[in-house]
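Down below is the structure, laid out as structure tokens.
The values are calculated or read from the model by the stated rules, or taken from the named source; none is laboratory data. Please read these numbers as outputs of a predicted model, since none were measured by experiment. Virtual Cβ from ideal backbone geometry, glycine too; neighbours counted across all protein chains shown. Ligands, DNA and RNA are stripped out before the accessible areas are found, and what is left, the full protein with its side chains, is counted by its heavy atoms. Shrake-Rupley method; radii C 1.70, N 1.55, O 1.52, S 1.80 Å.
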Amino acid sequence: MFMYLATDTLIMFGAEPCGFSVSVCLFLLFLVLLYWYSTFPYSVLQRCGIRHPKPTPFIGNLMLFRHDFFKAQKDLINQYGRVCGYYLARLPVVVIADPDMLRQVMVKEFHNFPNRAILKTVVKPMSDSLVMLRDEPWKRVRSILTPSFSTAKMKEMVPLIHEATETLLKNLKNYAETGESFDIHRCFGCFTMDVIASVAFGMHVDSQNNPNDPFVHYASKFFAFSVFNPVMFIFMTFPFLIGPLHGLMKDTDRSEMNKFFTSCIQKLIKQRDELPPSQRRRDFLQMMLDVRSSKECVSLDHFDVVNQADEEVVLDGKTESGHKLKRMMTEDEIIGQAFLFLVAGYETSSNTLSFICYLLAIHQDCQKKVHREVDNFFSRHGSVDYTNIQELKYLDMVVCEALRMYPPAFRYARTIEHDCVVNGQSLPKGATLEIPAGFLHYDPEHWQEPEKFIPERFTPEAKASRHPFVYMPFGAGPRSCVGMRMAQLEIRMALANIFKSFNVVACQDTEVPLTLKSNTTLGPKNGVFVKITKRENFDDAF
């Protein structure tokens with residue numbers, strides 16, 4: 001076909017067709033088609049009246065984010081407005097930083113944006129996780145999983161978190177005795193790894209003292225991912241190559257990691273099923289296994305765990321309207337959720353704990369308030385549990401303010417399923433809708449002096465007076481973070497026990513301000529170096 005086209009073109013211009021001229025004509029035709037392919041997607045945003053930086057052929061605006069997603073996102077919105085866009089290679093992305101529009105997108109018109117934007121290169125077990133599931137499969141698994149994170153279930157997790165916390169305190173005690181500065185971010189990485197291994201995989205791992213443990217070794221491989229690696233760059237530029245080439249360009253490390261975790265969970269499932277119920281360990285994995293014969297599930301109306309104190313459990317698998325829900329999770333889906341626990345819970349919790357200690361180290365007046373509250377708490381309680389930790393009001397404000405300043409999940413993405421209009425703005429089908437939580441957390445229209453650490457922003461009165469969609473560390477709506485309660489419990493239990501026994505102080509090695517990395521989650525690029533000292537009421541029991 002192209003040969004005939006080249007020949008006819010030469011004849012039309014009065015040239016004699018020959019081998020060389022036809023080859024030149026074919027080459028020029030190829031360049032024209034290649035240029036057309038590299039630029040034709042870049043009219044989508046303009047047709048919808050969405051301002052954006054000029055895209056580069058093939059890569060769009062990808063290079064804007066090569067160094068720092070967090071800052072680049074803020075700069076983009078400041079320059080192009082609260083509804084703007086960019087092109088991630090060939091994919092149009094609409095960024096919405098208007099809280100009223102976000103309320104529509106994330107809650108009121110959720111049916112137009114029910115799915116997260118996903119990578120087509122994702123394979124099992126991640127492809128079976130809640131983050132990657134779409135439409136009815138997602139709704140079914142979410143309806144089953146949500147009760148697993150209820151208040152009652154979280155109370156069962158407390159002993160497992162206590163065990164990992166004791167190991168953390170012993171490690172911190174060693175640093176306190178040496179008096180040397182150390183990277184507390186690394187300590188918290190080990191702590192959260194231990195919690196995840198225990199809660200989601202039923203394994204005891206002391207990752208700080210046993211860094212060569214296979215669980216630690218394979219988990220670390222996942223977080224080496226970047227969209228800027230050559231293979232991902234090719235697939236984003238030429239998405240039609242994913243099908244034929246993905247199987248040929250296997251990531252050996254990723255395949256070994258997937259195989260390891262899948263095998264671990266399959267063995268544990270077999271072992272648990274062979275035990276009588278009374279001997280089965282009470283952890284997240286067991287809760288998912290219990291779900292196979294449980295009658296508990298919830299409807300879509302109760303998926304928003306961020307804006308509801310607790311979810312309403314629907315018995316017998318029926319919604320309030322009597323519609324029958326299919327309550328079933330396959331073994332692959334159980335493995336996928338356990339793997340998601342690792343992916344979603346490791347960096348986010350360890351980064352948050354590190355940022356909180358950094359902020360309290362450089363704001364000693366706030367740390368003294370934490371100490372006073374914690375001392376008062378332990379004068380009345382022997383240990384921390386899910387119920388009594390709610391009494392630590394100032395600590396809660398510190399955590400909330402740290403999550404405002406350094407939200408690990410600083411951006412969320414949804415797929416626009418249909419051409420639609422939200423608050424007068426046209427949104428094109430097939431584009432990605434990005435929710436810039438990081439920008440909203442620093443929006444001067446809603447936060448006075450946003451660069452300052454002020455825990456009192458989160459008093460009950462202050463929260464009630466603020467727009468709910470300018471603070472979203474755990475998302476919002478039915479797609480909000482299902483593990484929010486677990487993350488909050490883990491973080492607060494660790495902090496209460498740390499500040500009961502230790503002071504965290506800045507030192508010569510403390511980087512102020514911190515250099516951040518934001519290719520995936522928001523975290524400290526060079527660690528968080530501090531010193532730690534024992535308090536007068538230090539307990540030598542651990």
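For region 80-176, the fraction of alpha-carbon pairs lying more than 23 Å apart is 57 percent, rounded to a whole number. Here r is the Cβ-Cβ distance between ASN115 and ASN78 and R0 is 30 Å; the resulting FRET efficiency, rounded to 0.05, is 0.55. Past 18 Å, Cα to Cα, is the threshold; run LYS368/LYS500; LYS393/LYS500; LYS170/LYS534; LYS173/LYS393; LYS74/LYS429; LYS170/LYS500 against it and keep the listed order. Long pairs (Cα-Cα over 18 Å): LYS173/LYS393; LYS74/LYS429.
With q set to 0.34 Å⁻¹, the log10 of I(q)/I(0) for region 492-533, from the Debye formula over equal scatterers at the Cα positions, is -1.02. With no solvent and one equal point scatterer per Cα, compute the Debye intensity ratio I(q)/I(0) for region 118-224 at 0.12, 0.13, 0.14 Å⁻¹ and report its log10, rounded to two decimals. Rounded to two decimals, the profile gives -0.58, -0.66, -0.75. Checked against a 32 Å cut-off, the cross-linked pairs LYS153/LYS517; LYS452/LYS531; LYS221/LYS463 give Cα-Cα distances beyond that limit for LYS153/LYS517; LYS221/LYS463. Ratio of Rg to Rh for region 111-163: 1.11 [Cα atoms; Kirkwood radius as inverse mean 1/r over pairs]. Across region 350-355, rounded Karplus estimates of 3J(HN,Hα) from the backbone phi angles (6.51 cos²θ - 1.76 cosθ + 1.60, θ = phi - 60°) give 5, 5, 4, 4, 5, 5 Hz, Gly and Pro being marked x.
The fraction of Cα-Cα pairs per 5 angstrom bin, counted from 0 for region 402-542, comes to 2, 7, 11, 16, 18, 16, 12, 7, 4, 2, 2, 1, 0 percent, rounded to whole percents.
Which of the three applies to region 379-466, rounded, prolate or oblate, going by the alpha-carbon gyration tensor with a ≥ b ≥ c and a/c under 1.5 meaning rounded? The shape class here is prolate. Solvent-accessible area of TYR175, all protein chains in place: 60 Å² (probe radius 1.4 Å, heavy atoms, ligands and nucleic acids excluded). How many percent of Cα pairs in region 75-130 exceed 17 Å? The share of Cα pairs beyond 17 Å in region 75-130 comes to 56 percent.
Working note: Debye formula, equal point scatterers on the alpha-carbon atoms of region 164-206, no solvent; log10 I(q)/I(0) at q = 0.20, 0.27 Å⁻¹ is -0.61, -0.91. Here is the P(r) of region 321-453: all C-alpha pair distances, binned every 5 Å from 0, give 2, 7, 11, 12, 14, 14, 14, 11, 8, 5, 2, 0 in whole percents.
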